[in-house]
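Worksheet: one structure, shown below.
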Amino acid sequence: MNKIRLEHELAESIDKWGWKYHHLGIPTDKIMPNERYLPQFKFYVSGFSTSPFGIEWMRFEPDSPFDKLIQTVPHIAFEVQDLDFELANRDLKVIVEPNPPADGIRVAMIEHNGVPIELIEFENNKEMPATNNRKIQMNNFEHNRESWNELTTLHADSSFYDVDSFKKGKTSLNHIEIEELGNIKGKKILHLQCHFGMDTISLARLGAEVVGVDISDTSIQKATELSTELKIPAKFIRSNIYDIGNVLNETFDIVYTSYGAINWLDDLDKWAKIISRYLKPNGIFYMVEFHPLRYMLNDKSEIFYSYFKSKPLETVVEKSYTEKSEISNKNLIHVEWHHSLSEVVNSLVASKLTIAFLNEFPYQVYNCFPNLIENGKGKWLSEKFGDKIPLMYSIKAKIV
Ligand SMILES: C[S@@+](CC[C@H](N)C(=O)[O-])C[C@H]1O[C@@H](n2cnc3c(N)ncnc32)[C@H](O)[C@@H]1O
């Protein structure tokens with residue numbers, strides 16, 4: 001809430017966070033026309049259904065259980081798409097915890113500068129994105145394709161990805177995957193969700209013959225440019241990995257995926273079938289990923305999200321995890337899914353993969369989440385939990 005607002009601009013909550021004005025609730029001690037009594041809250045409400053400006057009058061009984069602030073100071077109410085998300089991510093002071101005043105509705109009250117603010121979530125509108133109703137025309141993957149196009153441009157120019165050092169020969173791979181993959185010289189590798197190709201080209205530098213697949217047009221364009229400029233052969237294909245069968249018809253020694261990939265996929269059984277389809281007999285699948293326990297935490301390092309796969313998690317993309325991260329396009333939406341370890345392992349096993357190892361690490365190799373603290377070069381621990389919780393895991397599996 002620190003942004004300086006210019007006269008012609010909308011309030012940040014409407015402009016950036018996608019909240020929609022719903023009503024203005026004004027306490028009164030006058031008896032108003034057409035009042036409706038709500039016995040559970042001991043107050044009379046009126047005006048909302050007929051006011052073209054959404055003005056709602058509230059007249060409280062002396063023993064109404066409502067917070068005294070709400071009884072004395074007018075409140076503005078906003079409709080939000082995902083109440084839990086807003087409360088977890090916006091650093092708001094909650095004065096009334098989320099509760100369902102009626103079927104299909106959840107509300108919470110927050111306080112800002114002495115003013116109560118109501119947030120309302122309507123069950124039927126939950127699939128509507130916060131910014132507008134483009135969701136009706138675009139599916140989840142189209143949203144992710146669009147947002148990753150925008151992010152890739154920022155990433156390619158960021159010191160987080162450090163493309164300059166990469167061009168001079170520095171690998172973008174980390175010690176974990178280098179050690180756990182072992183010698184890949186001469187191996188054919190399919191890299192799923194390759195982003196703009198740095199890891200794919202780093203695998204090629206180690207002597208592998210590589211194909212990278214990604215849904216983002218910009219990622220594939222930049223990856224191809226990098227491979228051409230560096231004269232390191234690699235094939236890049238733009239495709240949703242779920243549609244890859246339409247464009248790729250070969251098999252590989254290794255299928256590889258890493259860091260922030262499977263959270264963009266809704267169906268891991270389908271994903272594992274694709275992995276299995278593209279492996280040669282005795283082929284290897286290798287992945288290294290952020291741990292599902294990490295995805296449970298909100299920006300205050302509190303357990304907030306479910307460990308298990310739940311509904312698709314939509315966010316308005318405001319910034320990326322790199323330092324050059326401000327997004328100018330305010331209409332971008334990310335849709336993600338969290339996957340538990342058992343979901344990952346069981347999907348692989350169901351597609352005839354035998355697990356060779358599953359390792360868990362108490363650190364991140366990237367400073368790409370909030371509240372991490374460096375503990376040794378390139379090892380980022382949770383500031384709050386230290387080395388007590390896992391932040392990454394890796395799996396190697398073999399096709400049987
Ligand atoms: C965080 S990046 C992958 C991380 C990678 N290790 C890197 O180089 O940073 C996630 C990538 O997944 C891609 N992606 C998301 N959903 C996809 C899908 N359904 N099919 C293919 N690629 C997808 C995005 O375009 C993005 O490039």
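Would you mind checking the tilt of helix 341-350 against the longest principal axis of the Cα atoms of the chain, expressed as 0 to 90 degrees and rounded to 10?
Helix 341-350 sits at roughly 50 degrees to that axis.
Going by how many other beta carbons lie within 10 Å of each one, how would you line up Met32, Met109, fewest first? Spell out each step's value before the answer.
On the way: Met32 14, Met109 22.
Ordered by Cβ neighbours within 10 Å, fewest first: Met32, Met109.
Amide H neighbours of Phe160 under 5 Å, counting only residues 5+ apart in sequence or on other chains, H built in-plane at 1.01 Å?
Result for Phe160 returns Glu323, Lys324.
Please figure out what share of the DSSP beta bridges in the chain is antiparallel and state it in percent, rounded to the nearest 5. Could the numbers behind the result be given before it?
Details: 51 of 77 bridges.
Close to 65 percent.
In debye, nearest 20: dipole of the range 248-361 around its Cα centre with unit charges on the Cβ of K, R (+) and D, E (-)? Intermediate results must be reported in sequence, preceding the final value.
Details: 12 positive and 15 negative charges, 51 e Å.
Its charge dipole is roughly 240 debye.
Picking from Pro98, Leu119, Tyr44, whose Cα lies most toward the positive end of the charge dipole for the range 12-125 (charges on Cβ: Lys, Arg +1; Asp, Glu -1)?
Tyr44
For the chain, calculate the relative contact order in percent as a whole number, restricting contacts to Cα pairs under 8 Å that are 6 or more residues apart.
12
Just to confirm the filter: which trypsin sites (Lys or Arg not before Pro) across the range 209-276 are DSSP coil and have at most 14 other Cβ within 10 angstrom of their Cβ?
Passing sites in the range 209-276 are Lys231.
In whole Hz, what ³J(HN,Hα) sequence does the range 5-19 give by Karplus (6.51, -1.76, 1.60; θ = phi - 60°), x for Gly and Pro?
Running phi through 6.51 cos²θ - 1.76 cosθ + 1.60 with θ = phi - 60° gives 9, 8, 3, 7, 8, 6, 4, 4, 4, 8, 6, 9, 8, x, 6 Hz.
Identify, among Ile237, Leu381, Ser340, the residue whose Cα sits farthest towards the positive end of the charge dipole of the chain, taking +1 on the Cβ of Lys and Arg and -1 on the Cβ of Asp and Glu, with the dipole about the Cα centre.
Towards the positive end, the residue furthest out is Ile237.
Neighbouring Cβ atoms within 10 Å as the yardstick, rank Trp57, Trp337 fewest first.
So the residues, fewest neighbours to most, are Trp337, Trp57.
Enter the angle in degrees (range 0 to 90, nearest 10) between the Cα long axis of helix 217-230 and the first principal axis of the Cα atoms of the chain, meaning the one along which they spread out most.
That works out to roughly 30 degrees.
Can you list residues whose amide H is under 5 Å from Phe48's amide H, if they're 5+ apart or on another chain and H is modeled 1.01 Å from N?
When sequence neighbours closer than 5 places are left aside, the close amide H contacts are Trp57.
Using the Cα centre of the chain as the reference point, and only Cβ charges (+1 on K/R, -1 on D/E), how large is the resulting charge dipole? Debye, rounded to the nearest 20.
That gives the chain a dipole magnitude of about 1320 debye.
Counting only pairs 8 or more places apart or on different chains, how many lysine pairs in the range 12-125 have C-alpha atoms closer than 26 Å? It would help to have the intermediate numbers written out before the result.
Details: Lys16/Lys93; Lys20/Lys68; Lys20/Lys93; Lys30/Lys42; Lys30/Lys68; Lys42/Lys68; Lys42/Lys93; Lys68/Lys93.
Step by step, the pairs that qualify in the range 12-125 add up to 8.
Provide the packing ranking of 138-149, 372-383, i.e. peptides ordered by the mean count of other C-beta atoms within 10 Å per residue, highest first.
Working: 138-149: 18.5, 372-383: 14.6.
Order by mean packing, descending: 138-149, 372-383.
Put +1 on the Cβ of each Lys and Arg and -1 on the Cβ of each Asp and Glu in the chain; which of His75, Met138, Ala88 then has its Cα farthest toward the positive end of the dipole?
Most positive-ward Cα: Met138.
By its C-alpha gyration tensor, with a ≥ b ≥ c as the square roots of the eigenvalues, how is the range 286-400 shaped: rounded for a/c under 1.5, else prolate for a/b larger than b/c, else oblate? Kindly include the intermediate steps, with their values, before the conclusion.
On the way: a/c = 1.88, a/b = 1.31, b/c = 1.43.
Because a/c hits 1.5 or more and a/b fails to exceed b/c, the range 286-400 counts as oblate.
Residue-wise, which Karplus ³J(HN,Hα) couplings in Hz belong to the range 179-189, taking 6.51 cos²θ - 1.76 cosθ + 1.60, θ = phi - 60°, and x for glycine or proline?
Once rounded to whole Hz, the list reads 5, 6, 6, x, 6, 10, 4, x, 7, 8, 10.
What ranking do Thr153, Thr50 get, fewest neighbouring Cβ atoms within 10 angstrom at the top?
By the 10 Å Cβ count, ascending: Thr50, Thr153.
Each residue of the range 295-311 in turn: what ³J(HN,Hα) in whole Hz from Karplus with 6.51, -1.76, 1.60 and θ = phi - 60°, glycine and Pro shown as x?
With the stated coefficients, the range 295-311 comes to 6, 7, 8, 8, 5, 9, 6, 9, 5, 10, 8, 5, 5, 9, 4, 10, 5 Hz.
Any read-out appearing in this document is the output of simple, stated calculations on the displayed coordinates, not a laboratory observation. Note that the structure is predicted; figures quoted are calculated from it, not measured. As a convention, Cβ positions derive from the backbone with ideal geometry for all residues, glycine included, and neighbour counts pool all protein chains shown.
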